[in-house]
Amino acid sequence: MRIVSAILFCNILLLIVSCNNIMSNAPITEEVEGHGGIRTITHTEEFENRESYEFYMEGLRCMRKNDFQCCLKYLEKALRIDPENPVILNDLGLTEKRLFNYDRAILFLQKAIQLDSNYYAAYGNLSLTLYYAKRYQEAIDILKLANTDRAGLTERRSIYYHLFMNHTQLNNCDSAYHYYKKAVQLETTNQLFLKNVRIFFIKEFNSHCPLHTDI
């Protein structure tokens with residue numbers, strides 16, 4: 001059984017879960033307005049325990065309803081059964097983040113990365129959580145640990161985008177602009193992503209770095 005997990009950007013939550021025919025659960029595809037960003041497919045993980053998987057799916061159903069306390073309850077049940085599953089840890093981190101429990105979110109996401117050093121979703125989600133916690137240098141340090149040579153396009157663009165965001169807040173204007181250019185050059189067709197980059201550029205980058213102009 002494979003569950004597709006995700007990475008986080010800005011302003012819209014996109015949740016996509018897929019499963020094969022071994023389990024009876026139908027795939028869930030949902031796009032929800034909300035605090036925290038875009039989740040997109042980046043990583044698959046096997047669920048070897050059926051009960052853990054079912055609790056996980058119940059948690060995602062709660063997330064579809066923006067009931068994050070309910071989501072937290074089921075994901076914690078899934079984790080008790082399968083404590084070293086990075087997908088569960090990643091989504092627990094996302095849920096805690098949406099409840100503004102940044103310290104708990106950071107712990108879950110750090111453990112997900114410890115268990116899978118190539119889990120790019122967790123790097124992105126951790127960096128964004130640190131961003132909202134205003135721990136910008138820590139977010140940059142985490143992103144620099146990700147091996148972008150092995151990452152796919154979606155994963156690399158998110159890493160560059162988050163580096164752009166965090167360098168902007170530290171007034172590292174040259175570095176911020178460098179990663180902004182890398183992000184938009186890598187992605188030319190995803191209008192939602194480009195819209196979010198443009199909004200951040202206008203609202204944040206132009207404020208912190210008024211001598212740089214682009215769009």
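No value in this document is a laboratory result; all are computed from the given coordinates. Bear in mind the structure is a predicted one, so any value in this text is a computation, not a measurement. Cβ atoms come from the backbone with ideal geometry, glycine included; neighbour counts cover every protein chain shown.
Descriptive notes on the structure:
- Any hit, region 130-141, residues being among the hydrophobic types (A, V, I, L, M, F, W, C), out of contact with any His (no Cβ under 6 Å at 6 or more places or on another chain), surrounded by fewer than 18 Cβ atoms within 10 Å (Cβ to Cβ) and closer than 24 Å to residue 98 by Cα: yes
- Close pairs (8 angstrom Cβ cut-off, 6 or more residues apart or separate chains): in contact (Cβ under 8 Å) with a residue 40 or more places away in the chain and farther than 12 Å from residue 95 by Cβ in region 52-69, part of a helix (DSSP H, G or I) and small (Gly, Ala, Ser) anywhere: 53/78
- All positions within region 130-177 that are of a type in the set (S, T, N, Q), part of a helix (DSSP H, G or I) and closer than 21 Å to residue 86 by Cβ: 148, 154, 158
- Test result for residue 168, closer than 23 Å to residue 89 by Cβ and among the β-branched types (Val, Ile, Thr): no
- Residue in region 207-215 that is assigned to a helix (DSSP H, G or I) and of a type in the set (D, E, K, R) present: no
- Residues within region 114-129 that are part of a helix (DSSP H, G or I) and either surrounded by fewer than 22 Cβ atoms within 10 Å (Cβ to Cβ) or touching a Pro at 6+ places or on another chain (Cβ under 8 Å) (or both), tallied: 3
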